[in-house]
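Data first, discussion second: the structure below is written as C-alpha cells.
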Amino acid sequence: MPKEPFVVSEYVRWGDIDLAGIICYGAYIRFYELAETEIFRACGLPFREMFERYDIWLPRKVMHTEFYSPARLDDHLRVVTYFSRIGRSSLTINFDVMGAGGAPLHAAAYQVLVCVSRSTFEKTDLPRDVAAALERYCMTTEDAREAGRREAGSGKGEAGVLVERGEKRG
C-alpha cells in the first residue's frame, strides 16, 4: 500500500488577510504550525510528551516558502504535510497548501528541524523511536502532491486525515 501524506484542513480567517484581501505571507506560519503539531500527534508524539520523554527540542534551522496563488478570506485550505528527509540529527518537514479540492497550489514550504538537548541546546541524535514513528509520512514531494490531490478529488477522508479541530476522521 503506498504511503499517504498527512492532511489537515483549515479556513483562511479574518486575521490571516491583508489590505489586499488575500492571505498575508506571514499567516502561512499558522497553517504550518497547525499541520506540524498534528502530524506529530498522529504519529503518537504529542509535543509535550515527546519533548519531556526524550529531553529534546526541535528548533528550526531553515524555513523556506514559495508562493504560487493567493488564498482569500474564508477559502478552505488543505495542508498536505510530509517528511522528505529524516536524518541522524535533523529532519525536513514539508507543507503544500492547496485549495480544498486539491487545486490550486497556494504555497509550498519546507522547514529543517534540528534535534537539540533541552538543557544545553547542543545538537544531538534524533531518538530512534521518534524517527521510526515519523517514517510513515516520509515520501517524495511528487508522491505527496499526487496523493493529496487524489484524496481531495475522491471526496472521502483517509485514516489520519484531520478536520479543523484536529479530530481524526475515518
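The values are calculated or read from the model by the stated rules, or taken from the named source; none is laboratory data. Just so it is clear, the model here is predicted, and its values are computed rather than measured. So basically every Cβ, Gly included, is an ideal-geometry build from the backbone, and we count neighbours across all protein chains shown. For the accessible areas, the whole protein counts, side chains as well, though only heavy atoms, and no ligand, DNA or RNA atoms are used. Shrake-Rupley method; radii C 1.70, N 1.55, O 1.52, S 1.80 Å.
With contacts taken as Cα pairs under 8 Å at a separation of at least 6 residues, the chain carries a relative contact order of 28 percent. Based on the Kirkwood radius over alpha-carbon pairs, what value in µm²/s does the Stokes-Einstein equation return for the translational diffusion coefficient of the chain at 25 °C and 0.890 mPa s? Value of D from the Cα-based Kirkwood radius: 150 µm²/s.
Looking at the stretch 50-91, the trypsin sites (Lys or Arg not before Pro) that sit in a DSSP loop and have at most 13 other Cβ atoms within 10 Å of their own Cβ are Arg88.
Rolling a 1.4 Å probe over the heavy atoms of the protein chains gives the chain an accessible area of 53 Å² per residue.
Rounded to the nearest 500, the helix-only mean residue ellipticity at 222 nm of the chain stands at -8000 deg cm²/dmol, with each DSSP H run of n ≥ 4 adding -39,500 (n - 2.57). Percent relative contact order of the stretch 56-142, based on C-alpha pairs within less than 8 angstrom and at least six residues apart? Normalised by residue count, the contact order of the stretch 56-142 is 35 percent. Share of carbon and sulfur in the accessible area of the chain stands at 51%, probe radius 1.4 Å. Across the chain, the longest run free of exposed loop sites, meaning chymotrypsin sites (Phe, Trp or Tyr not before Pro) lying outside DSSP classes H, G, I, E and B with no more than 12 other Cβ atoms within 10 Å, spans 1-67.
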